[in-house]
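Reviewing the structure listed below.
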Ligand code: F3S
């Protein structure tokens, strides 16, 4: 059987691809470049290497902090969608750069939550990924905040005497653990692209410990919609393809969610699928899936390849979703590429 004869059906997730915040940031950059160009951004505007390359072709360049030092006063610098710490912003203003703020409004909401908790004297805990630019910006609004990415990390932190000191502080009946430092209460918030279940589970960890927790769920609606739709689709199809930057937190999370239900491939470009090289992919449906599994190698999967597959007539169904920083055109290109391979 030739590659052209692969029986394959693609189904696009209800919510996939670029979100409000990313579209807004790209619009701001496009308008600014049209006005003056060239333009600079503090780090990648969004986490999608293909889009960053396309922006470079349009005279918008991502710079590191060191490279920014070499910019002339009066140069225009765009603050990325992930947000910027206030101290960094002050430093950039001191260099007399003209700042254009493309921070997503939902990231700003999370920044406000961090600031409010911090100003109230709470011990701030951020559910997120250490080192991610958005989390770094949140830390700028809540200096000294702790960052946890999982229930395990939250539990470990809860066991740490140096941090969790008091329970019942809000009622004025606080009791200090031996050798611990007092604090008022915990202010819990989230990086905007985290998973709802993880946030809620971490909240429960602290509540179970009898600690006073005030939680502000700052996961954005775009993230929720993409995750819910991907989960729903992954349960119905034979395999999922997740399109978007490998450095994108929300795209990586979509792939993780899908992997719990079916073989999943996270790609940045359609070429990565390399269906054309997978000759055995053309056999029985179950055999197709086994080959698919094999292709996914290291980043995949936790599921054993199927044994003794039964021949099936239906086409292989491939669900497609894409991260919040993946433009619509890239999704269409992927669907078209799969369509060509299967027709
Ligand atoms: Fe903003 Fe959420 Fe997109 S925080 S950038 S709308 S993923």
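The values are calculated or read from the model by the stated rules, or taken from the named source; none is laboratory data. Keep in mind it's a predicted model, so treat the numbers as computed, not measured. When we count neighbours, we look across all protein chains shown, and the Cβ atoms used for this are built from the backbone with ideal geometry, even at glycine.
Please verify whether segment 260-267 includes one or more residues that are assigned to a helix (DSSP H, G or I), modelled with pLDDT of 65 or more and on the phi < 0 side of the Ramachandran plot. Looking for residues that are assigned to a helix (DSSP H, G or I), modelled with pLDDT of 65 or more and on the phi < 0 side of the Ramachandran plot, one finds none in segment 260-267, hence no.
What are the residues in segment 222-245 that are touching a helix residue (DSSP H, G or I) at 6+ places or on another chain (Cβ under 9 Å), surrounded by fewer than 20 Cβ atoms within 10 Å (Cβ to Cβ) and touching a residue at least 60 places away in the same chain (Cβ under 8 Å), if any? Across segment 222-245, the qualifying residue is only 228. Flag not set for residue 101, criterion: surrounded by fewer than 16 Cβ atoms within 10 Å (Cβ to Cβ), within 19 Å of residue 44 (Cα to Cα) and at pLDDT below 95. Considering the conditions (1) modelled with pLDDT of 85 or more; (2) away from the ligand (no atom under 16 Å from the Cβ); (3) surrounded by fewer than 19 Cβ atoms within 10 Å (Cβ to Cβ), residue 186 is excluded by exactly one of them, (3).
Scanning segment 50-70 for residues that are under 14 Å from residue 133 (Cβ atoms), away from the ligand (no atom under 16 Å from the Cβ) and in contact with a strand residue (DSSP E or B) (Cβ under 8 Å, 6 or more places away or on another chain) yields 62, 63, 65. Screening segment 320-343 for residues that are buried (at least 17 other Cβ atoms within 10 Å of the Cβ) and farther than 20 Å from residue 237 by Cα and picking the one that is farthest from the ligand (Cβ to nearest atom) gives 330.
Filter segment 71-104 down to residues that are in a loop (DSSP other than H, G, I, E, B) and more than 23 Å from residue 115 (Cβ to Cβ) and give me whichever is nearest to the ligand (Cβ to nearest atom).
Ranking the candidates gives 97 first.
Hey, could you check segment 7-41 for residues that are touching a strand residue (DSSP E or B) at 6+ places or on another chain (Cβ under 7 Å) and within 16 Å of the ligand (Cβ to nearest atom) and say which is farthest from residue 69 (Cα to Cα)? Give the steps one after another, and end with the answer.
Of segment 7-41, the ones touching a strand residue (DSSP E or B) at 6+ places or on another chain (Cβ under 7 Å) are 7-13, 16-17, 28-29, 32-33, 36, 38-41.
With the extra rule that they be within 16 Å of the ligand (Cβ to nearest atom), the set shrinks to 13, 16-17, 28-29, 41.
Values: 13: 43, 16: 37, 17: 34, 28: 23, 29: 21, 41: 13 Å.
For segment 7-41, the residue satisfying everything is 13.
Could you please let me know if residue 255 is in contact with a helix residue (DSSP H, G or I) (Cβ under 6 Å, 6 or more places away or on another chain) and either in a helix (DSSP H, G or I) or modelled with pLDDT under 90 (or both)?
Details: in contact with a helix residue (DSSP H, G or I) (Cβ under 6 Å, 6 or more places away or on another chain): no; either in a helix (DSSP H, G or I) or modelled with pLDDT under 90 (or both): yes.
For residue 255, the condition - in contact with a helix residue (DSSP H, G or I) (Cβ under 6 Å, 6 or more places away or on another chain) and either in a helix (DSSP H, G or I) or modelled with pLDDT under 90 (or both) - is not met.
The set of residues in segment 114-138 being in contact (Cβ under 8 Å) with a residue 24 or more places away in the chain, assigned to a helix (DSSP H, G or I) and more than 13 Å from the ligand (Cβ to nearest atom) consists of 114, 115, 116, 117, 118, 136. The requirement of being assigned to a loop (DSSP other than H, G, I, E, B), free of Cβ contacts under 8 Å to residues at least 12 places away in the same chain and farther than 20 Å from residue 223 by Cβ is fulfilled somewhere in segment 57-70, by at least one residue.
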